[in-house]
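All remarks here apply to the structure that follows.
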Amino acid sequence: MKRLITAYTSFTRTERMGIAVLLIAIILLIVCKATMHLWVKPDFNDAAQKALAAKWEAHKNKVVPISERITTTESIATPQLFAFDPNTVSPAQLKQLGLSEKTISIFLNWRNKGKHFYKKEDFKALYTLDEADYNRLAPYITIKINLISLNTADSASLVALPGIGPKLAHKILEYKKEIGSYTSIEQLKDVYHFSDTTFNTLKDRLTIE
């Protein structure tokens, strides 16, 4: 305390007056806060509050006729299931099948980038398509297969098939030149580096006619 008194007396008269005014202001603020509830009264209307509470209770207990109820299921069209080919199905048809706008948009972007569906399981790879939707649509996926003749196909037609790149397409065409023409699809197994896996994938898409 002695040090505080000594420090206080070391200030100039103006500084001592400033400290005193600051202390008085702090004390007044503390007193105001402590006594505010005594002299500041909120504008509270008890009757109005009770009336609002009664209206709220009446609203909660109100029975809405079934004909006036709005449910989320009513705003969503019932999906229509029909046979479709993922390679040719239109956006409107996808919507009829019950797919979301986001899934449709991603699917179309996927297809526009060159995605081709060779089997119904390819459709399952669409990452926004959940398993329930796939299981619902799988029985209706019908992919039209255009058979490609080994004896008339060009390099571009062969490369478009899954598992065949430009090098393997070239080998298939070169082997045809060697043997004159294919007489059986099984002859593809004699093409150098033509795997059994690729053969099993393509055997139902090829013909020799």
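Filtering the stretch 142-153 for residues that are closer than 26 Å to Y192 by Cβ and in contact with a Gly (Cβ under 8 Å, 6 or more places away or on another chain) leaves an empty set. Take the stretch 168-185 and flag every residue that is surrounded by 11 or more Cβ atoms within 10 Å (Cβ to Cβ) and without any contact (Cβ under 8 Å) to a residue 24 or more places away in the chain. Listed by number, the residues that qualify are A169, H170, K171, I172, L173, E174, Y175. Residues in the stretch 152-163 that are surrounded by fewer than 16 Cβ atoms within 10 Å (Cβ to Cβ) and either outside the structural domain of Y175 (by TED's automatic domain parsing) or not in a loop (DSSP other than H, G, I, E, B) (or both): S155, A156, S157, V159.
Any residue in the stretch 128-136 that is in contact (Cβ under 8 Å) with a residue 40 or more places away in the chain, surrounded by fewer than 16 Cβ atoms within 10 Å (Cβ to Cβ) and under 35 Å from the mean Cα position of the chain (by Cα)? Yes, that holds for at least one residue.
Scanning the stretch 152-167 for residues that are in contact (Cβ under 8 Å) with a residue 24 or more places away in the chain and either touching a helix residue (DSSP H, G or I) at 6+ places or on another chain (Cβ under 7 Å) or aromatic (F, W, Y) (or both) gives L161, P162, G163, I164.
The values are calculated or read from the model by the stated rules, or taken from the named source; none is laboratory data. Keep in mind that what you see is a predicted model, and the values were worked out from it rather than measured. All Cβ positions, glycine included, derive from the backbone under ideal geometry; neighbour counts span all protein chains shown.
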